[in-house]
Every structure is written in C-alpha cells, then in structure tokens.
Amino acid sequence: MGDRNERAFYRVQTSLPVRCRRVEPEEVLEFAVRTQESRDAQAAVPAELAAWAARIEDKLDTLLARLDPERPPPLSHRDAQSVVLSGSGMMLGSSDDLLPGDDVLLEFLLPGSPPRRVEALAQVVGLRRMDEAGHAQVAVRFGAIDEADRQAIVRAVYEVEVLSRRQNGDGGADADPEAQEDGAEGAL
C-alpha cells in the first residue's frame, strides 16, 4: 500500500492559503448543487470573462466580510500553511477535532495571477498528532471536486516539482518518497 507507484497522483509539499472545516450531511448536498450550478454557468461564459467575474466575486467577499463579522474573510496569503498536495487529496494542519470518516469542506488558493480559488468536499482518511496542544496533521481525500479544479491542482503540483528540481539539482528534497509516507500511508 505504501508503494509510491500505486498512487494515482504525484504529491509535493508546498505552502498554500487553506481553510478546512467539518460539514454536516445537509451541507454536502448543498455543495453538490452549488457546484453543478457553477459548472453549468461557467460552461456558457468565455474564460476571460470567468476570470474577471472571479476577481469581482473575491472583492465582494472581502466587502461582505467587513460588513458581517460572522462571515469569514476571503482567503489570503496570511492563511498560508505547509501542506502536502496531490490531485487526490491533501495533508494539512488542523486544530479541529476531526476523525477519520468526517466530511470537510476545503477552500484553498492555487498560485497564479489571479490565484485560483478551489473548493472541494473531502473526507478525513488519516490523522497524525503533532504537539501537546492537540494540533494534528489531517490527511483528506477529495470527494466532490470540479474536474477543472483537479486538473489545476495537478498542474500546480507539477510546477512545484519542476521548480524544486531546478532549485535542488536533479532530484530535489521532495523526491524522497519515504519522507512523505509517514502518517497517512496511502491517503493521498
């Protein structure tokens, strides 16, 4: 199970702005409907217009967060944390009391100009306790994710790997598969 060749997607360690929260079963259905509606709307809109609309949506989210203190602010570089990312999932830090099998909503930004906002439903598949305060590394497997977002993740992973190899010579520090196996073997 821990054999790197059995994985569907390569993975890299990187830093991304990310949020993770547990979701209730009814939120899973709401997310699926919202994602399908968004996909249908995007199919009819040219890519340049969709990118422009996404920037406007981010600005509106910022404004709404300032007007409503209950609403979380949009993700920014201040939310960045070290993650292990692949096309099938992510390992990230969490202070929530999550358990294997819990459904979570992930929101994160992929690098780019503008950054690509990705939302995905995922399931907790592994945990690794990190410190006395109870902070854990949580391995999640993407469930409901737009296929275009998954492809953008795969491209981002590839770009991080290429950059790492250029900076570190031929293999780079991230090329050691054993260093990434600890904790949630087979999770990503």
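Taken over segment 85-133, the criterion of being among the β-branched types (Val, Ile, Thr) and without any contact (Cβ under 8 Å) to a residue 60 or more places away in the chain is satisfied by VAL118, VAL124.
Condition test on ALA144, is it in a loop (DSSP other than H, G, I, E, B), among the hydrophobic types (A, V, I, L, M, F, W, C), within 25 Å of ARG19 (Cβ to Cβ) and modelled with pLDDT of 85 or more? It is true that ALA144 is in a loop (DSSP other than H, G, I, E, B), among the hydrophobic types (A, V, I, L, M, F, W, C), within 25 Å of ARG19 (Cβ to Cβ) and modelled with pLDDT of 85 or more.
The lone criterion from (1) closer than 23 Å to PHE31 by Cα; (2) modelled with pLDDT under 85; (3) not hydrophobic (A, V, I, L, M, F, W, C) left unmet by ARG78 is number (1). Applying the criterion of being surrounded by fewer than 13 Cβ atoms within 10 Å (Cβ to Cβ) and β-branched (Val, Ile, Thr) to the residues of segment 20-55, the residue that is modelled with the lowest pLDDT is VAL45. Hey, can you tell me all the residues within segment 88-128 that are within 24 Å of PRO25 (Cα to Cα), in a loop (DSSP other than H, G, I, E, B) and modelled with pLDDT of 85 or more? Passing the criteria: SER88, LEU98, LEU99, PRO100, GLY101, ASP102.
Residue check: PHE9 meets all listed conditions (1) at pLDDT 75 or above; (2) outside any loop (DSSP other than H, G, I, E, B); (3) of a type outside the set (D, E, K, R) but one, namely (2).
The values are calculated or read from the model by the stated rules, or taken from the named source; none is laboratory data. These figures come from a predicted structure and were not determined experimentally. FYI the Cβ positions are ideal-geometry reconstructions off the backbone, even for glycines, and counts take in every protein chain you see.
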